[in-house]
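Down below is the structure, laid out as structure tokens.
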Amino acid sequence: MALRIWLWLLCWWPLAALAQQAHSTATPQVVHEVRAVWITTLWGLDWPRHKATTAAGMAQQRRELCDMLDRLQRLGINTVLFQARVRSTTAYPSAIEPWDAAFTGTAGRRPDYDPLRLAVDECHRRGMECHAWVVAFPICKVATAQQLGAAALPRVHPELCQKCGDAWMMDPGVPGTADYLADICREIVSAYDVDGIHLDYIRYPEPGIPFNDDRTYRLYGHGRHKKAWRTANVDRCVKAVHDAVKAVRPWVKMSCSPVGKYSDLSRYSSFGWNARDAVSQDAQRWLSEGWMDMLFPMMYFDGVHYYPFAADWREHDAGRPVVPGLGIYFLSRHEKDWPLLTLQRQVQVARSLGLGGQAYFRARFLLDNVKGLYDWLAADFYSRAALVPPMTWLRSTPPAAPQPQQSWQGQRLTLQWQAVQHDTPVTYNVYRLSSSYGDRLLARRLTATTFTSLVYLPALKHAQYVVTTVDAYGNESEPAVAVEQ
């Protein structure tokens, strides 16, 4: 009964009360919360905005990405989902698949820099995680495959591919598909210091796509019910990627973006569109089995299509972060023209439910400040920085604390410490503790063992400056107060 009342309140809470809460400057803050955004490289939807074939043009692409990351850092975003595998094409130099056309305008043609390397390095420089977003089953358009010629996936591995209208798709029912996706993800985590592998479209296609796997079912179904067989096929792919990634770097986060409704609820229908029954995504099982460390369900809905299903994800999160993916593109007048209040309500309820954070689709709508969303998040909802939740389900023992020392040269504060030895890579967080001005996270995910800051307020020279060690799983040491050098 309590859950029923709670869901009713979520869906029908009076707008006046919501407006008052949404515009309050006293939004409760949190210490750990995923604040994520998808950066889409497909067709340059978010980045790069312009194709380039010259050194100057590619330098402009790099500057543009850095400018985007600067603004995301100022907002408080701590996780970037960067599209690295696009449509059987890549945003990095792969030994397995050809380059995507987003950078040079020609599929298969490489730019003079490595976009994924740039994204990882620049995110880390700003204290943000960078997850490689891998689109699983969709392949390129038929026209693109023709342009790629012998390098196109349907030519290299025709046994893994199905032609679906004007595009190609990988067939989850062919056993080799799982191995192929695992090889792609193994390649990424072996070459790049990514913080996560994020699988997108790890599911069977929706009914509107002309996908016919009858022949595959006859070959590999072995008498199983087709629905159960399809679910097992997607499970196999998820587990294969998990095992490949964790064998290289066990602390790399596994995540995916399932359909936003897991299944029908006892009192709320998914109206035929859900992860488990419509497209064979048993995502809640993936959490409980440990194949996923977190989920970003695509909750691009509102009202009874959002709130009851958000509560369901929270009830079945297996102690791991479930981060609602929010369709902020619906704020655009070219889409559904949602009022800002709709998104304000969704993020506030997600936090009040204890979900793992918020994720925004896509970066351009956030950075364009559509309906003032960026400004509201910066001034209120994200007014304090948050750390990504630690992966305590994999490891919970914190590393040793550093031994920082501090020195002053006028208004310049310098903190220094020796590197902490640990069996995983470590980073460092720096805090300021002040009874007059409040406690504040000054820097996160530092790889260097020094930190410098200008301190203009005299009272802050008497604050305590604290450094902690953070292991690769996100576990944080006891705080160590800097002492005078």
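The values are calculated or read from the model by the stated rules, or taken from the named source; none is laboratory data. Every value quoted in this text rests on a predicted model; they were computed, and no experiment measured them. Neighbour counts run over all protein chains shown; Cβ positions are idealised from the backbone, glycine included. Protein only, heavy atoms only, side chains kept; ligands, DNA and RNA dropped before computing areas. Shrake-Rupley method; radii C 1.70, N 1.55, O 1.52, S 1.80 Å.
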**Q.** In the stretch 325-357, the residues that are part of a loop (DSSP other than H, G, I, E, B) and either more than 13 Å from LEU373 (Cβ to Cβ) or of a type in the set (A, V, I, L, M, F, W, C) (or both)
**A.** ARG333, HIS334, GLU335, LYS336, ASP337, TRP338, GLY354, LEU355, GLY356
Q. Among the residues of the stretch 51-68, is there at least one that is on the phi > 0 side of the Ramachandran plot and modelled with pLDDT of 95 or more?
A. no
**Q.** helices (runs of 4 or more DSSP H) within the stretch 137-208 that include 2 or more residues open to solvent by 60 Å² or more (accessible area, probe 1.4 Å) and touching a helix residue (DSSP H, G or I) at 6+ places or on another chain (Cβ under 8 Å)
**A.** 153-156, 175-191
Q: Report those strands (runs of 3 or more DSSP E) wholly inside the stretch 396-485 carrying at least 3 residues which are among the β-branched types (Val, Ile, Thr).
A: 464-470
Q. Looking at ALA311, ALA275, which is the one that is in contact with a strand residue (DSSP E or B) (Cβ under 7 Å, 6 or more places away or on another chain), open to solvent by less than 20 Å² (accessible area, probe 1.4 Å) and of a type in the set (Gly, Ala, Ser)?
A. ALA275
Q. Pick from ALA36, ALA19: which is closer than 29 Å to LEU341 by Cβ, modelled with pLDDT under 95 and either surrounded by fewer than 21 Cβ atoms within 10 Å (Cβ to Cβ) or not aromatic (Phe, Trp, Tyr) (or both)?
A. ALA19
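Results for (1) more than 29 Å from the chain's Cα centre (by Cα); (2) hydroxyl-bearing (Ser, Thr, Tyr); (3) under 20 Å from ALA182 (Cβ atoms), shown as yes or no for each residue.
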{"position": "THR144", "(1), (2), (3)": "no, yes, no"}
{"position": "ALA152", "(1), (2), (3)": "no, no, no"}
{"position": "LYS163", "(1), (2), (3)": "yes, no, no"}
{"position": "MET169", "(1), (2), (3)": "no, no, yes"}
Q | Positions within the stretch 358-369 being part of a helix (DSSP H, G or I) and surrounded by fewer than 22 Cβ atoms within 10 Å (Cβ to Cβ), in sequence order | A | ARG364, LEU367
**Q.** Test result for TYR473, in contact (Cβ under 8 Å) with a residue 60 or more places away in the chain, over 25 Å from the mean Cα position of the chain (by Cα), buried (at least 19 other Cβ atoms within 10 Å of the Cβ) and on the phi < 0 side of the Ramachandran plot
**A.** no
Q.
Taking the conditions exactly as written (more than 17 Å from ALA283 (Cα to Cα), open to solvent by 60 Å² or more (accessible area, probe 1.4 Å) and charged (D, E, K, R)), does LYS227 satisfy them or not?
A. no
**Q.** Residue check, LEU81 closer than 30 Å to LEU442 by Cβ, part of a helix (DSSP H, G or I) and either modelled with pLDDT of 95 or more or open to solvent by less than 10 Å² (accessible area, probe 1.4 Å) (or both)
**A.** no
Q: Identify all residues within the stretch 247-258 that are open to solvent by less than 30 Å² (accessible area, probe 1.4 Å) and of a type outside the set (A, V, I, L, M); write none if there are none.
A: LYS253, SER255, CYS256, SER257, PRO258
Q.
Can you pull out every residue in the stretch 341-371 that is in contact (Cβ under 8 Å) with a residue 60 or more places away in the chain, hydrophobic (A, V, I, L, M, F, W, C) and over 15 Å from MET298 (Cβ atoms)?
A. LEU341, VAL349, ALA363, LEU366, LEU367
Q. Quick one: in the stretch 111-122, which of the residues that are over 21 Å from ARG186 (Cα atoms) and in contact with a strand residue (DSSP E or B) (Cβ under 9 Å, 6 or more places away or on another chain) is most open to solvent (accessible area, probe 1.4 Å)?
A. GLU122
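Determine which member of the set ARG384, ARG345, ARG362 is of a type outside the set (Ser, Thr, Tyr) and under 18 Å from the mean Cα position of the chain (by Cα).
The match here is ARG362.
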Q: Collect the residues in the stretch 87-103 that are open to solvent by 10 Å² or more (accessible area, probe 1.4 Å) and either hydrophobic (A, V, I, L, M, F, W, C) or farther than 16 Å from LYS141 by Cβ (or both), keeping them in residue-number order.
A: PRO93, SER94, ALA95, ILE96, TRP99, ALA101
Q) Any residue at all in the stretch 270-286 that is under 30 Å from ALA178 (Cα atoms), in contact with an Asp or Glu (Cβ under 6 Å, 6 or more places away or on another chain), without any contact (Cβ under 8 Å) to a residue 40 or more places away in the chain and among the polar types (S, T, N, Q)? A) yes
Q | Residue that is farthest from LYS461 (Cα to Cα), among those in the stretch 382-438 that are open to solvent by less than 30 Å² (accessible area, probe 1.4 Å), in contact with a Lys or Arg (Cβ under 9 Å, 6 or more places away or on another chain) and of a type in the set (Phe, Trp, Tyr) | A | TYR382
Q. Restricting attention to the stretch 259-268, does a residue exist that is open to solvent by 10 Å² or more (accessible area, probe 1.4 Å), over 20 Å from VAL323 (Cα atoms) and of a type outside the set (Phe, Trp, Tyr)?
A. yes
Q | Matching residues in the stretch 84-100 - criterion: being over 12 Å from LEU153 (Cβ atoms) and outside any loop (DSSP other than H, G, I, E, B) | A | ALA84, TRP99
Q) Which of (1) open to solvent by less than 10 Å² (accessible area, probe 1.4 Å); (2) touching a Cys at 6+ places or on another chain (Cβ under 7 Å) does LEU343 not meet, given it meets every other one? A) (2)
Q: Would you tally the residues in the stretch 441-467 being exposed (fewer than 14 other Cβ atoms within 10 Å of the Cβ) and over 19 Å from PRO390 (Cβ atoms)?
A: 10
